[in-house]
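Inspection log for the structure reproduced underneath, given as structure tokens.
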Amino acid sequence: QAKYLAQIILVGAQVVGRAFMRALRQEFAASRAAADARGRSERPQSAAASRIIGISLQEAQQILNVSNLNPEEIQKNYDHLFKVNDKSVGGSFYLQSKVVRAKERLDEELRIQAKDKKEKGWKAET
């Protein structure tokens, strides 16, 4: 009887293990497809910045609650969110770090856009 119980447990574990691996493969494929789609929608420099900083432009905009890349609005929202998430006032260090990463990503995008404008202006002059 113990032998049959052990076999039932073993078979059950195998079924659960296979289901888990299948779900893991599906999640990995969906994640890769989303990353590929995100990479295609951004310019090469912007996509590289997203990979380096680890946060997409859209996610950074959502975190800092900005719809366009207005430096003053970004700084205002950053200052507010950084302050309210300060650990000394009962905030979350994790959320505060997400706010910092979002600001870094948006600052990098502003730098990329300024560089692109400068290059386009330079090309127009020649």
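Miscellaneous remarks
Okay, residues lined up against (1) in the same structural domain as residue 113 (by the TED database); (2) at pLDDT below 95:
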{"site": "32", "(1), (2)": "no, yes"}
{"site": "49", "(1), (2)": "yes, yes"}
{"site": "56", "(1), (2)": "yes, yes"}
{"site": "61", "(1), (2)": "yes, yes"}
{"site": "68", "(1), (2)": "yes, yes"}
{"site": "76", "(1), (2)": "yes, no"}
{"site": "97", "(1), (2)": "yes, yes"}
{"site": "101", "(1), (2)": "yes, yes"}
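- Filtered residues of region 96-114 (kept if free of Cβ contacts under 8 Å to residues at least 40 places away in the same chain and over 14 Å from the mean Cα position of the chain (by Cα)): 96, 107, 111, 114
Yes/no per residue for (1) within 22 Å of residue 58 (Cβ to Cβ); (2) open to solvent by 70 Å² or more (accessible area, probe 1.4 Å):
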| site | (1), (2) |
| --- | --- |
| 89 | no, yes |
| 96 | yes, no |
| 109 | yes, no |
| 121 | no, no |
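- Scope region 76-112; condition assigned to a helix (DSSP H, G or I) and hydroxyl-bearing (Ser, Thr, Tyr); matching residues: 78, 88, 94, 97
- Selection within region 52-84 - loosely packed, with under 13 Cβ neighbours inside 10 Å, of a type outside the set (S, T, N, Q) and under 17 Å from the mean Cα position of the chain (by Cα): 52, 54
The values are calculated or read from the model by the stated rules, or taken from the named source; none is laboratory data. Since the structure is predicted, the reported quantities are computational estimates derived from the model, not experimental observations. As a convention, Cβ positions derive from the backbone with ideal geometry for all residues, glycine included, and neighbour counts pool all protein chains shown. Ligands, DNA and RNA are excluded from the accessible area calculation, which covers all protein heavy atoms including side chains. Shrake-Rupley method; radii C 1.70, N 1.55, O 1.52, S 1.80 Å.
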